[in-house]
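Throughout, read-outs are computed from the coordinates displayed, never taken from laboratory work. Not measured: the values here are computed from a predicted model. Note that we place each Cβ from the backbone using ideal geometry, even for glycine, and neighbour counts take in every protein chain shown.
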Amino acid sequence: MKKFLSLFFIFPLFCIAQQEVNIIPQPAQLKLLKGYFEIDPATSVHYNTVNQDLTAAASFLTKQILNLSGIPMPQNKKTGKSIQLKMISSAQIGQEGYLLNVTPKSITISANTHRGLIYGIQSLLQTLPAIRTNAALQVPCLEIVDYPRFAYRGMHLDVSRHFFGPEFVKTYIDLIASYKMNTFHWHLVDDQGWRIEIKKYPKLTSVGAWRVDQNDIAWGSRPQAKPGEAATYGGYYTQEQIKDIIRYAEERNISIIPEIEMPGHVASAIASYPYLSCTQKPQLPLTGGNYSGMASGYCAGNDSVFTFLENVLAEVIQLFPSKYIHIGGDELDKEPWKVCPRCQARIKKEGLKNVDELQSYFIKRIEKFVNSKNRKIIGWDEILEGGLAPDATVMSWRGETGGIEAAKMHHHVIMTPGKPLYFDHYQAGPEGEPQAFGGMNTLKNVYDYEPIPAELSADQAKYVLGAQANLWCESIQTPDHVTYMILPRMPALAEVLWSAKENRNWQSFNARLQHHFKSYGQKGLRYCHGNYTVQIKPISQEGKLLVNLSTEIVNADIYYTLDGTEPTLSSNIYNAPIEITHSVLLKASTIINGRIMGVQAAKQNFVMHKAIAKTVIYQYPVSRFYLADGPNSLTDGVRGTNVVGKFWHGFSGKDLVATIDLGETQNIQSIALGCLQSYSDWIFLPQSVSIESSLNGTDYEQVQTVQNPISINEKNARFDFKATFPAKPMRYIRVSAKNNLCPKGHPGEGKQGWIFADEIVVE
């Protein structure tokens, strides 16, 4: 075998290769040679027909080539050019690796397993045109040695909140398979829809799969269904459809993990069979994010619940060959358990301390059943509460803390932190983008993600199987919207999980991605141009407000304006941070080869006031999930939008107490704190905001307390808690916002809510 060099060390050669080879994820080793192989009617596929894995791989390859070109490749033809599929024994490439060798006369794909062969074929297909063509199918001559870094490379799709039919599920599988992902996490059960046929319990689909159509109303604002309203929106997969999808996925090396939520997020099951809840009261399926007065969790004290779940899981396990069954375990409202006589009796009987341990009991009991069927469970990181089930795998979504804890306990972990792996968040906007759940996870955020936390030792890191991106579909109703949210972030994650860390290169990925953009367009796939969008980031520096402009596109120019007009080629070109000295509307666009790129110009209003660029000291830390643009986001002149996570500082369970040093004594006559309310996101306006001042930073006096005039049950609101008073000298300003509890009737009733603040405006 010829000596290979790592891509990391042959980058100049690789840049040349990118003119013809644009494989994502980046192969471990690639060597571009002279010439090309042309697939034509004289090309045959050679393989040992006795080997079933080779036969299956040959079938997959010939189908793809036929669909692409109309060329029906013969098998094992003795004359002419050939594509050879071979089984080998190579320790270097492991169970999923492959060797791809292309000469003018032959293509050879070699691997230890069927999986490796399919991945080799996927790399081969990425060198060919994207759609049906009459053009010559020319493959550049090359040599590739390739294998993945992580064993688990996953993508998730929520079909409960909005239903997507079998054909689109296959399209989704095709997309993730083309980038060598190997796991499809199918979220089949949630409050708003039960999507899998269970023959023993037909009401799960005749009732639980359908809800009143309110798709024209924002998710969190949808009223609950009323008796007599027609449940017309929904759908489900028959068991035959599921079997067909599983076969389709297996051909493409995709393992499907079904998620059957429990003990929470099951209002659809309770609507079908009311005896499953603690109250056992009839209810209608949820229409959206309004849980007021609705039961959404199973009764842990009712043995009939466990009988029901074992029967459901028995049918699920019979259908799905995956070694994992995902049982959810997240966001359970445990308040009903505290007052349910059956649950309390269970706690007493089992010697449990509290409802957290009752949840652990529930999960462990389900795990025992799943294990008895020779399968394993996966659960969201809440399954750690009250004690982790003995053989459970943890999917860490609330950051990486749960995953770190589980790995240190020697439990397998799949990393899927909301930042940056929730693909229901915005990637560029929100201006110019379709509706998203909130937050911001850019393409580069995804590409820069490292699944192995620094807190883990080398031995502990072995328990991190890989990572997964999640696509929750509260705001996503159509297939086009789905593809927009995952393209191109999913290819970025695919490279993170497949390619060696030292071989990943943002510039190289960006260059290759442009070819894939073209193929998405040719296939009619909607995708995000978000990485063309200019990122506008304010910086406080020596009492000045500076603005950095950046774009994820390599070697692009940025043009900007400060008067609200659209950038053109005659506008200012960005070369260094821009100082903001007065209130302006900044707009900026990415320019490539004299063309303005992206959907629309990025824009940001900056509102000047006396606290601009001043340092903010917090008594309690800002949530790391909602940092806005950094520690001085309350004095950067940027006001928040209605989008959760965009320009907002978040405080959970603690009051906001922020102190500003103006640098010198000034006469001040008004101070305002901007806050957000988003009922469905557990974000509430503060009860009140207290404002104090000081001349020395030690002795403070009360200036004013502003009460909240807006109902805590208001679904969405933005309000400035503004104190106006006769001009008063002050240097230090302390603003304290009192956090609210979730109100009665809210899913989190009695629990701590969030405070979201955008700016302290001082005038």
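Here are a few things to note about the model shown:
- With the cut-off at under 17 Å, measuring from each backbone N in the stretch 282-324 to a point 7 Å along the Cα-to-Cβ line of S652 picks out no residue.
- Between the stretch 87-124 and the stretch 345-410, the alpha-carbon centres lie 39 Å apart.
- Given R0 = 41 Å, the distance between the Cβ atoms of R624 and T565 translates into a calculated FRET efficiency of 0.65.
- Amide H to amide H distances under 5 Å link T590 with V534, M597, where only residues 5 or more positions off or on other chains count and H is placed in the peptide plane.
- The length gained by stretching the chain between I217 and I617 to full extension, at 0.36 nm per residue less their Cα-Cα distance, is 140.0 nm.
- Alpha-carbon centroids, the stretch 688-721 and the stretch 543-587: separation in whole Å: 34
- The phi torsions of the stretch 138-143, fed into the Karplus equation with coefficients 6.51, -1.76 and 1.60 and a -60° offset, translate into couplings of 10, 10, x, 5, 6, 9 Hz, rounded to whole numbers, with Gly and Pro shown as x.
- 30 Å Cα-Cα threshold exceeded, pairs from K226/K373; K203/K323; K226/K348; K419/K501: K226/K373; K226/K348
- Length gained when the stretch R247-N48 is fully extended (0.36 nm per residue, less Cα-Cα span): 69.4 nm
- Taken along the Cα-to-beta-carbon direction at a fixed 7 Å, the label points for I88 and D459 span 3.6 nm.
- In a simple Cβ point-charge model (Lys, Arg +1; Asp, Glu -1; nothing else charged), the stretch 616-762 has a dipole of about 360 debye relative to its Cα centre.
- Gyration tensor (alpha-carbon) shape descriptor, the stretch 397-527, a/c threshold 1.5: oblate
- Calculated Cα extents along the principal axes in Å (choose from [x] 93, 69, 53; [y] 89, 74, 52; [z] 96, 72, 52), label: [z]
- Sorted by Cβ density within 10 Å, fewest first, the residues H481, H162, H265: H481, H162, H265
- From phi via Karplus (6.51, -1.76, 1.60), per-residue ³J(HN,Hα) for the stretch 476-493 in Hz, x at Gly/Pro: 10, 10, 10, x, 4, 5, 4, 5, 4, 6, 9, 10, x, 5, 4, x, 5, 5
- Given charges at beta-carbon only (K, R positive; D, E negative), |dipole| of the stretch 344-401 in Debye: 420
- Subset of K368/K654; K544/K587; K353/K462; K31/K105; K338/K368; K170/K200 violating a 29 Å alpha-carbon distance limit: K368/K654; K353/K462
- The trypsin sites (Lys or Arg not before Pro) of the stretch 298-384 that DSSP puts in a loop, and whose beta carbon has at most 15 other beta carbons within 10 Å, are K323, K353, K373.
- Where only DSSP H runs of four or more residues are counted, the chain gives -7000 deg cm²/dmol as its mean residue ellipticity at 222 nm, each run worth -39500 (n - 2.57).
- Length added when fully stretched, E240-D720, from 0.36 nm per residue minus Cα-Cα: 167.2 nm
- The charge dipole of the chain, taken about the Cα centre with unit charges on the Cβ atoms of Lys, Arg (+1) and Asp, Glu (-1), comes to about 1780 debye, rounded to the nearest 20.
- Global form of the stretch 11-146, assessed from the alpha-carbon gyration tensor, a/c cut-off 1.5: oblate
- With neighbours defined as other Cβ atoms within 10 Å of a residue's Cβ, the residues D448, D459 order from fewest to most as D459, D448.
- For the chain, the antiparallel share of DSSP beta bridges with both residues in that region comes to about 70%.
- Under-5 Å amide H pairs with S44, H placed in peptide plane, nonlocal only: K81, S82, I83
- Over the C-alpha atoms of the stretch 530-606, the Rg to Rh ratio, Rh being the Kirkwood estimate, stands at 0.95.
- Anisotropy class of the stretch 176-223 from Cα gyration tensor, a/c 1.5 cut: oblate
- Label-to-label distance, S694 versus K544, with points set 7 angstrom from Cα along the beta-carbon direction: 3.0 nm.
- Database remark: amide H of R149 closer than 5 angstrom to the amide H of W498, S499 (H placed geometrically; neighbours at sequence offset of 5 or more, or on other chains; Pro and chain starts carry no H).
- Working note: Karplus 6.51/-1.76/1.60 with θ = phi - 60° gives the stretch 683-699 the couplings 9, 10, 4, x, 4, 6, 10, 9, 10, 10, 9, 8, 9, 10, x, 10, 9 Hz, where Gly and Pro are set to x.
- Once both labels are positioned 7 Å from their Cα atoms along Cα-to-Cβ, the gap between K744 and N667 label points is 5.0 nm.
- As a proxy for reagent exposure, M597, M262 were ordered by neighbouring Cβ count within 10 angstrom, fewest first; the result is M597, M262.
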